[in-house]
Amino acid sequence: MRVTALAGGVGAARFLRGLVSVLDTEGDAGQSGQSGQSGQSGRSGQSGHELTVVGNTGDDITLFGLRVCPDLDTVMYTLGGGIDDERGWGRGAETWRVQEELVAYGAQPQWFGLGDRDMATHILRTQMLESGYRLGEVTEALCRRWGFPQLREQVRVRLLPMSDERVETHVVLEGPDGTSQAVHFQEWWVRLAAQPPAQRIVAVGAGEATPGPGVLEAIRTADVVVLPPSNPVVSIGTILAVPGVREALRTTTAPVVGVSPIIGGAPVRGMADACLRAIGVATTAAAVGALYADFLDGWLVDPRDGDAAVDGVTVRACPLLMRDLPATAAIAAAALELAAAARQPAP
Ligand code: FO1
């Protein structure tokens, strides 16, 4: 089976770990539910499943001359086993010597945590980008160290940047004298903890960006498209802002199912509510589902939001707290089941 996922950072990466686990245990048997899907594995020539993750690059930032791609790295480290599970980002067993030295020099900024191990990723990425490699090629090369693409016996995984071109999310805040000032998303998110209200959130360059190689094809040729529980504005929203992506989601023959990042009217982690407020959308499972209603077939919500309704979308309730791998795998399995149900035309 070919699954394509649009992913942001921590929440998406955690969900994908559950999805990979389900696909790896499902094996071919799991495809029986997908009528005619067994032919897929035959056609692709690979046994098992193929997961293509389209990663958000709007969070990317250049610091000390290094290009940092937080959402790509979070997915790469999480699926590759290198993530710091407690933080949800950056490397496990991390040390901060270089950062300490930068602070000693009074180098700015000091509000973004750059660990020593993580730094190696940014150094190599920057070196490859400056040698002329595209971000997609760099990402594929970095992912090889983490066991991609054959991540599991039954699962091949590709991580594709949404675009090889620079797209950077900036946040417009009200300045001291009523003027507006724009700051990089990371400064708002990390240094300011998304406290000052965002007047606007702008994915700079998104309108001119072209989808990365393989992105539109991965959406069009998927058997299932999944939207993990990611920030609907700065993660999923940014990917949707790349020309052609939304159209591909609307026209793909694959069922498209999403998992609500809002449980009981609040984001599970992160500050999606601050982002939703910036675009005038309520922080509810239903309101977020409605943002995707033009291409969504199914929407998983937590039982606390069981009354959520989204026009033209099949809404199903399932406990959505990803407290551990089994719980996360159950959510991923529920998403695949919802896709299978959405695929079968209503009797
Ligand atoms: N998030 C923080 O809250 N504080 C940090 O210092 C921080 C550093 C950081 C370094 C590398 C990286 O890949 C991610 C990092 N994040 C940090 C998370 C980052 O802000 C992500 O963009 C968000 O998690 C949204 O996806």
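The values are calculated or read from the model by the stated rules, or taken from the named source; none is laboratory data. Please read these numbers as outputs of a predicted model, since none were measured by experiment. Virtual Cβ from ideal backbone geometry, glycine too; neighbours counted across all protein chains shown.
If you go through the range 78-98 and pick out every residue that is within 13 Å of the ligand (Cβ to nearest atom) and out of contact with any Asp or Glu (no Cβ under 8 Å at 6 or more places or on another chain), you end up with 6.
One residue stands out among those in the range 99-122 that are exposed (fewer than 14 other Cβ atoms within 10 Å of the Cβ) and of a type in the set (A, V, I, L, M, F, W, C): the one that is farthest from the ligand (Cβ to nearest atom), which is A104. Can you say whether G207 is more than 16 Å from the ligand (Cβ to nearest atom), on the phi > 0 side of the Ramachandran plot and touching a residue at least 24 places away in the same chain (Cβ under 8 Å), as far as the supplied structure shows? Taking the combined requirement at face value, the residue does not satisfy it.
Please find, within the range 216-232, the residue that is farthest from the ligand (Cβ to nearest atom) out of those that are touching a strand residue (DSSP E or B) at 6+ places or on another chain (Cβ under 6 Å) and either part of a strand (DSSP E or B) or more than 21 Å from E50 (Cβ to Cβ) (or both). Ranking the qualifying residues of the range 216-232, first place goes to V224.
Looking across the range 192-204 at every residue that is touching a Phe, Trp or Tyr at 6+ places or on another chain (Cβ under 8 Å), outside any strand (DSSP E or B) and in contact (Cβ under 8 Å) with a residue 60 or more places away in the chain, the one that is surrounded by the fewest Cβ atoms within 10 Å (Cβ to Cβ) is identified as A194. Apart from one condition, P213 fits all of (1) within 16 Å of the ligand (Cβ to nearest atom); (2) of a type outside the set (F, W, Y); (3) in contact with a strand residue (DSSP E or B) (Cβ under 8 Å, 6 or more places away or on another chain); the exception is (1).
Taking first residues from the range 217-244 that are within 19 Å of A274 (Cα to Cα) and of a type in the set (S, T, N, Q) and partners that are surrounded by fewer than 24 Cβ atoms within 10 Å (Cβ to Cβ) and modelled with pLDDT under 95, the Cβ contacts under 7 Å between residues at least 6 apart in sequence or on separate chains come to N231/G270.
Yes/no matrix, rows are residues, columns are (1) within 22 Å of G237 (Cα to Cα); (2) crowded, with 19+ Cβ neighbours inside 10 Å; (3) modelled with pLDDT of 95 or more:
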site: V288; (1), (2), (3): yes, yes, yes
site: A293; (1), (2), (3): yes, no, yes
site: T314; (1), (2), (3): yes, no, yes
site: P319; (1), (2), (3): no, no, yes
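Being within 16 Å of the ligand (Cβ to nearest atom) and either part of a strand (DSSP E or B) or farther than 17 Å from R17 by Cα (or both) is the requirement here; does G258 meet it? Spelling it out, it is not the case that G258 is within 16 Å of the ligand (Cβ to nearest atom) and either part of a strand (DSSP E or B) or farther than 17 Å from R17 by Cα (or both). Residues in the range 300-347 that are out of contact with any strand residue (DSSP E or B) (no Cβ under 7 Å at 6 or more places or on another chain) and closer than 12 Å to V22 by Cα: 9 in all. When residues in the range 93-128 are screened for being touching a residue at least 24 places away in the same chain (Cβ under 8 Å), more than 23 Å from H184 (Cβ to Cβ) and outside any helix (DSSP H, G or I), 1 of them pass.
Taken together, L192, L151 contain a single residue that is more than 20 Å from M271 (Cβ to Cβ) and modelled with pLDDT of 95 or more, which is L151.
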